[in-house]
Structure formats: structure tokens, C-alpha cells
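Peer 1: Questions regarding the structure given below will be posed in turn.
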Amino acid sequence: MTPIQAATSAETEAIEAMLTASGYSKTAINYYINKPHMGQIPDADIISEMTGTCGDTMGIYIKMDNGVVGDAKYQVMGCAGAISAAMAVVDLIKGKDLDYARSIDDGTVYKVLQEIPVKKHHCIQLAVKTLHKALDTHRLQRSA
């Protein structure tokens with residue numbers, strides 16, 4: 001299966017079974033399979049990227065709309081944990097102001113995902129750190 005091809009029903013079922021056996025919740029699996037907030041926003045107001053200690057790399061793109069996050073997307077090169085964490089972060093920040101977005105922490109994302117293998121908790125940290133880096137850089141640029 002190439003990145004452009006949609007998974008067949010059988011492939012999706014196999015992925016779900018594998019991730020379930022690995023300790024991912026249905027919510028985390030759905031984020032990984034559907035990738036609802038994957039991509040770029042060409043005219044984003046806030047952009048940042050990070051590479052985690054495991055090698056997973058994320059970029060975040062945030063488009064503001066009247067003081068709140070109108071849209072956000074992550075571009076992720078990484079595992080199911082990284083992708084599901086990034087997708088959950090977007091659901092948490094869309095429609096919220098930047099102060100709320102900055103308050104998001106690992107525990108908040110974990111609650112949305114419900115369950116993710118312990119060895120993948122660093123993926124949640126990477127998604128949150130990428131968001132915080134973007135917001136901190138944006139704040140510094142605005143105060144300069």
C-alpha cells in the first residue's frame with residue numbers, strides 16, 4: 001500500500017487488529033487510520049517542526065481565525081503513536097485561543113487517546129512539544 005492508496009477493508013481490519021494487540025485504543029486507531037488533520041496549510045499563521053529522539057518528525061501548521069485556531073494540521077513522518085497523538089492535539093486546539101492551546105499537556109492528549117502503549121508515550125510528548133514550540137515562537141515574534 002502506497003501513501004496515496006486507500007487501504008482496503010481487509011487491510012484496515014488487519015491494521016486495527018495489530019494495533020489493538022499492541023495496546024492502542026479504538027480512538028487512537030481511528031486517528032491513525034483516518035488521519036483527519038494530516039497535511040499542510042499553505043497560508044498558515046504559525047508553523048514549527050521538531051524531530052523526536054526516536055526519529056519521528058512532525059510539522060504543525062496553524063491558521064488563526066479571529067483570535068482562535070481556525071484550522072490546524074500536522075505533517076508527520078512517524079509511527080501510529082505519533083500520528084494519533086498529533087491528530088488528537090488538533091482536535092483539542094481547534095476553535096480555542098492560543099492560551100488554551102498552550103495549556104495542552106501530555107496528560108490531556110493521553111485522555112483523548114484513552115490508551116496507547118507505554119513505549120509510545122514519547123509520541124504524545126513530541127506532538128505537544130511541537131505545538132508548544134510553535135506557540136512560543138509565535139509569541140516571541142509578536143512581542144519583538
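Peer 1: Residues that are more than 26 Å from LYS26 (Cβ to Cβ), part of a loop (DSSP other than H, G, I, E, B) and not acidic (Asp, Glu): does region 72-82 have at least one?
Peer 2: Among the residues of region 72-82, not one is more than 26 Å from LYS26 (Cβ to Cβ), part of a loop (DSSP other than H, G, I, E, B) and not acidic (Asp, Glu), which makes the answer no.
Peer 1: Give me a count of the residues in region 45-63 that are in contact (Cβ under 8 Å) with a residue 24 or more places away in the chain and either touching a Ser or Thr at 6+ places or on another chain (Cβ under 6 Å) or not acidic (Asp, Glu) (or both).
Peer 2: Number satisfying all stated conditions: 11.
Peer 1: Being over 15 Å from the mean Cα position of the chain (by Cα), under 19 Å from HIS132 (Cα atoms) and β-branched (Val, Ile, Thr) narrows it down to one of THR20, THR53, THR57, so name that one. Spell out how you get there, then give the answer.
Peer 2: On the way: THR20 fails: under 19 Å from HIS132 (Cα atoms); THR57 fails: over 15 Å from the mean Cα position of the chain (by Cα).
Result: THR53 is the single residue among THR20, THR53, THR57 that is over 15 Å from the mean Cα position of the chain (by Cα), under 19 Å from HIS132 (Cα atoms) and β-branched (Val, Ile, Thr).
Peer 1: If you go through region 39-62 one residue at a time, how many are outside any loop (DSSP other than H, G, I, E, B) and crowded, with 17+ Cβ neighbours inside 10 Å? Give the steps one after another, and end with the answer.
Peer 2: Going through region 39-62, the residues outside any loop (DSSP other than H, G, I, E, B) turn out to be 46-51, 57-62.
Within this subset, residues satisfying the condition of being crowded, with 17+ Cβ neighbours inside 10 Å are 46, 48, 50, 58-62.
Number of matching residues: 8.
Peer 1: Considering each residue of region 13-36, count those that are surrounded by 14 or more Cβ atoms within 10 Å (Cβ to Cβ) and in a helix (DSSP H, G or I), and give that number.
Peer 2: Total satisfying the criteria: 12.
Readers should treat all values here as calculations from the given coordinates under stated rules, not as data from a laboratory. Source: prediction; values computed, not measured. Reconstructed Cβ throughout: ideal geometry from the backbone, glycine too, with neighbour counts over all protein chains shown.
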